[in-house]
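A short worksheet on the structure shown next.
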Amino acid sequence: MRERNYIFLVGIIFVALIAGWIDLPDNPGLRLGPINKDIRVHEGLDLQGGLQVLLQADVADCNSVSDESMEAAKAIVENRINGLGVVEPLIQRQGRCRLVVELPGISNPNEAIATFGGTGLLEFVDAGDTALAEGQIVQTTGISTVVLPGTPVPTVPPPTPTAVPTPAAGITATSPVTTTTPVTPTIYRTVMTGKDLQTASVSFQQTTSQPFISFSLTSDGGKIFGDYTSKNVNKFLAIVLDKRVISSPVIKSPITDGNGIIEGQFSLPEAQNLVIQLKYGALPIPLKVVESSAIGPTLGRDSVSKSIMAGAIGLIIVILFMLLYYRLPGLLAAIALTIYALIVFAIYKFGIPGIFPYVTLTLPGIAGFILSVGMAVDANILIFERMKEELRAGRSLMLAVEAGFQRAWPSIRDSNFSTLITCGILLWFGASFGASIVAGFALTLAIGVIVSLFTAITVTRTFLRLIMDMDVTTNHWWFGV
């Protein structure tokens with residue numbers, strides 16, 4: 001038992017040190033091979049301002065745009081923005097065919113606009129024996145968007161006049177005559193589109209660390225791809241995004257397993273943005289940027305400082321209450337509460353890989369964090385009150401500690417799980433109706449509740465068991481009795 005307690009203590013100290021390192025105000029970030037992650041506090045629009053973009057359907061008549069198309073475009077834009085790491089964007093409909101997008105703390109507005117504004121149509125194009133240049137604009141048989149009534153049809157540029165030497169009456173044979181030679185544009189056949197794409201992710205070359213995109217196809221897409229590559233070995237298969245060639249590789253062998261890669265001269269941000277566009281599909285209607293502007297924070301720095309000060313004062317009062325009323329367990333709970341705050345803030349800055357990159361702090365998010373602190377203290381109070389009951393009943397300290405945790409656990413479990421269910425409902429509501437502020441509050445509250453379960457049940461319990469093992473005191477007064 002004692003060895004297990006020391007193992008838990010080492011683990012708790014290790015987690016606290018890692019969290020403390022992440023929480024450093026001037027954290028240099030994580031640089032390990034291909035991992036390149038900045039670690040900083042991401043503030044919301046109300047705390048730091050950001051970017052506001054007005055998007056409009058690129059059609060001749062706004063009345064021709066259906067509500068279903070705009071709602072689908074809104075959902076896809078929101079998914080792409082969340083893929084950028086913006087956890088609390090504000091996306092609203094304006095009028096019939098406009099979207100207002102507000103992005104907190106965006107450092108590269110052009111890159112963000114390019115990511116969520118592009119149509120994102122991926123095509124695998126039969127280029128035959130022609131190696132298409134990267135960046136070349138091509139015409140294909142694929143349709144990039146839903147063609148709505150009144151939408152202007154793209155036209156082919158007029159043929160370029162060329163000078164052709166032609167003998168004629170009164171003109172020497174060496175005099176050039178300008179004539180117009182019709183030029184028929186090449187239209188390349190689309191083998192398949194991104195609708196057959198199942199997953200996409202960024203990978204890295206082992207030797208050069210150059211990023212590329214690896215992808216897998218659906219069963220239908222894999223069959224189409226396998227049949228085509230089997231019949232066109234040593235031919236060029238161009239990979240085209242929004243009619244612009246990304247790369248034009250040669251088919252060296254049949255690809256029948258439904259997996260492939262997209263290579264090009266990508267930087268890491270470009271590869272990540274491309275993956276976002278591919279994962280969340282093509283927009284049902286083309287969108288154009290009508291206006292973009294920087295917006296300031298809705299709350300002044302003075303208001304933010306006062307809010308933080310109020311939270312710190314409340315936390316100090318809670319810790320003093322725990323020390324005065326519960327004494328030694330209260331001191332251990334205060335230490336556990338400090339570890340809790342370190343871990344939660346570290347999650348806000350670092351995120352959880354594969355789930356969300358970080359948490360954007362807004363005033364509702366800070367409120368969710370402070371509320372979760374109350375939940376963490378509540379769990380400790382339930383445990384300590386049970387311990388006091390056991391001590392008054394005449395049990396020994398060791399038995400009272402274990403019985404206190406066992407008898408308080410059902411109440412802690414039920415209250416915390418009911419809170420998590422509520423958080424899930426709020427997250428669903430925020431995701432379904434675009435109420436990102438509600439979703440942000442629910443996310444910070446859920447993180448706090450989960451971490452508080454760890455600190456109340458594991459950290460505080462380990463500390464109390466170590467106190468019992470060291471036999472520091474047997475005086476019940478130190479335990480609030």
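Every read-out reported here was derived from the displayed coordinates using simple, explicitly stated rules and does not represent laboratory data. Just so it is clear, the structure is predicted and the values come from calculations on it, not from any experiment. Ideal geometry is used to build each Cβ from the backbone, glycine not excepted, and the neighbour counts take in all protein chains shown.
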To the nearest Å, what is the center-to-center distance of the range 188-231 and the range 384-411, using C-alpha atoms only?
60 Å
Calculated FRET efficiency, Leu30 and Ser305, Cβ-Cβ r, R0 22 Å, to nearest 0.05?
0.15
How charged is the neighbourhood of Pro329? Take every other residue with its Cβ under 14 Å from the Cβ of Pro329, and add Lys/Arg as +1 and Asp/Glu as -1.
+1
Segment Phe212-Ile251, length gained on full extension (0.36 nm per residue, minus Cα span)
12.3 nm
Length gained when the stretch Glu71-Phe356 is fully extended (0.36 nm per residue, less Cα-Cα span)
100.2 nm
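Using a 10 Å cut-off around each Cβ, can you sort Asp242, Asp227 from fewest to most neighbouring Cβ atoms?
Ascending number of Cβ neighbours within 10 Å: Asp227, Asp242.
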Contour minus Cα-Cα span, Ser267 to Ile316, at 0.36 nm per residue, comes to 12.9 nm
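Past 20 Å, Cα to Cα, is the threshold; run Lys195/Lys252; Lys195/Lys235; Lys231/Lys252; Lys195/Lys223; Lys195/Lys231; Lys243/Lys288 against it and keep the listed order.
As for pairs spanning more than 20 Å Cα to Cα, those are Lys195/Lys252; Lys195/Lys235; Lys195/Lys231.
Provide Met468, Met387 in ascending order of the number of other Cβ atoms located within 10 Å of each residue's Cβ, fewest first.
Working: Met468 21, Met387 27.
Least crowded to most crowded, the residues run Met468, Met387.
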Under a crude label model (7 Å from the Cα following the beta-carbon direction), how far is Leu323 from Ile421 in nanometres?
3.9 nm
Treat the count of other C-beta atoms within 10 Å as a stand-in for reagent exposure and order Thr141, Thr419, Thr444, Thr455 from fewest to most.
Thr141, Thr419, Thr455, Thr444
Counting Lys and Arg as +1 and Asp and Glu as -1 over every other residue whose Cβ sits under 12 Å from the Cβ of Leu54, the net charge comes to +1
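Counting Lys and Arg as +1 and Asp and Glu as -1, what is the net charge of the other residues whose Cβ lies under 15 Å from the Cβ of Asp257? Show your work: numbers first, answer last.
Details: positive: Lys223, Lys252; negative: Asp196, Asp220, Asp227.
Summing Lys/Arg as +1 and Asp/Glu as -1 gives -1.
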With label points set 7 Å from each Cα along the Cα-to-Cβ direction at Ser64 and Asp220, the distance between them in nm comes to 2.7 nm
Label-point separation (nm) for Asn234 and Ile295, each offset 7 Å from Cα along Cα-to-Cβ?
5.9 nm
